[in-house]
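We did not get these values from a lab; they are worked out from the coordinates using the rules stated. All of these numbers come straight from a predicted model, not from anything done at the bench. Glycine also receives a Cβ, built like all others from the backbone with ideal geometry; neighbour counts cover every protein chain displayed.
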Amino acid sequence: MTTTIRGISSMASRTLLADLVEAFSKRSGVPVSFVSVGGVDAARRIDEGERFDLAVLDSKAIDKLIANGKLDGSGKADLFRSDVGVAVRVGAGQPNIATAEALRSAVLGADRIGYSTGPSGVELMALFEHWGIAAEVKGRLVQASPGVPVGTLLVSGAATLGFQQMSEMIGIQGIQLIGPMPPEARITTVFSAAPLAGGQQPAAVGDLIRFLASADATDAKRRHGMAAV
C-alpha cells in the first residue's frame, strides 16, 4: 500500500502545488502532502538529510542537490517557469516599467526596494550591477526573510517597490501587481521536481512528477501566474 507522498517546495509554488496534488490524489487515490518554505531553507533541509519523497525547487537548486547525491537526477522533470513581477502598495503611484530604462528609473526613484531570497533575488542584484546602480541603491534594499512574501513588506510600508515571483504576489491583499519586468530585463526562473535518492516509493513519486509536468496541469499553472515549460 502506498503511504502519503511527502514533498518539500519553495513558497513560489505553494498554492499551485496545493491545487495540483489535490487533483492528483483524486485521480490516483494516493495522498500527497507538501511542506512549503523559503527555497534556501528547503534546499538546506534536504542537504542536511531530512527525509522527503521529492522536492520542487528552482532548477539550479535541484541540480545542486542531485550533484550532492541527495536527489535522483534520473527522475528530474522541469515543471513550469515563473517571471518576477513588480508591485507597489495599493494607492501608491504606479511607476512606468514598460522598458528596461523606465524600470531602472523606477528603481532609482524608489525609497525602499523589497526583494526576496533565492534565485530571483540573486538575479535582481546582478541586474542592478549590470545597470551600474548597485552601490546607489544598496542602502535602500530590504530583503524579505525566507518564506516571507515581498508583498507583505509593501503592505507594511517597509518597502515601496517590490520584486518577487509573480505567483507569490498574486492574491496578497493591499498590493497592486503592475506586471512582469520588461522583456529586455525579464527574470524568469524554471522550477523542477526530482525524487529523493533512494526513495521508498519511486513508482508513486514518478507518477506524481509526470502528472505535475503533464498538459493536464497547464491550466492550473496559468491561473497561478506561471507557464508550462
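Please compute the length gained on full extension between Ser145 and Asp219, using 0.36 nm multiplied by the number of residues separating them and subtracting their Cα-Cα distance.
Result for the pair: 23.6 nm of gain on full extension.
List the pairs from Lys70/Lys138; Lys70/Lys221; Lys60/Lys221 whose alpha-carbon separation is above 30 Å, in the order I gave them.
Lys70/Lys138
Students often check this: by mean Cβ neighbours within 10 Å, which of 124-136, 189-201 ranks highest, and how do the rest follow?
Those peptides, ordered most packed to least, come out 189-201, 124-136.
Write down the percent of antiparallel bridges among all DSSP beta bridges whose residues are both part of the chain, to the nearest 5.
The antiparallel proportion sits near 65 percent.
Over the chain, what is the mean sequence separation of C-alpha contacts under 8 Å (at least six apart), divided by residue count, expressed as relative contact order in percent?
Relative contact order for the chain comes out at 32 percent.
I need two numbers for region 82-185: Rg to one decimal and Dmax as a whole number, Cα atoms only, in Å.
Radius of gyration, then largest Cα-Cα span, for region 82-185: 12.1, 33 Å.
Under a straight-distance cross-link criterion of Cα-Cα below 17 Å, which lysines are reachable from Lys64, leaving out those fewer than 8 residues away in the same chain?
Lys76
Of (1) 1.00; (2) 1.14; (3) 1.03, which is the value of Rg/Rh (Cα atoms, Kirkwood Rh) derived from the coordinates here?
(1)
As a test of the formula, what do you get for the chain when each DSSP H run with n ≥ 4 contributes -39,500 (n - 2.57) and the sum is divided by the residue count, at 222 nm and rounded to the nearest 500 deg cm²/dmol?
-11000 deg cm²/dmol
Could you name the aspartates and glutamates in cross-link range of Lys26, using Cα to Cα under 20 Å and dropping any fewer than eight places away on the same chain?
Cross-link targets: Asp53, Asp207, Asp216, Asp219.
If we count other beta carbons within 10 Å of each Cβ, what is the order of Leu71, Leu208, fewest first?
Details: Leu71 28, Leu208 24.
Ranking Leu71, Leu208 by Cβ neighbours within 10 Å, fewest first, gives Leu208, Leu71.
With unit charges on the beta carbons (Lys and Arg positive, Asp and Glu negative) and the dipole taken about the Cα centre of the chain, which residue among Gly75, Met166, Trp131 sits farthest to the positive side?
Value: Met166.
Taking the 0 to 90 degree range and rounding to the nearest ten, how far is the long axis of helix 14-28 tilted relative to the main principal axis of the chain, both from C-alpha atoms?
The angle comes out near 20 degrees.
If you line up the long axis of helix 202-213 against the longest principal axis of the chain, both from Cα atoms, how many degrees apart are they, to the nearest 10?
Orientation of helix 202-213: about 40 degrees from the principal axis.
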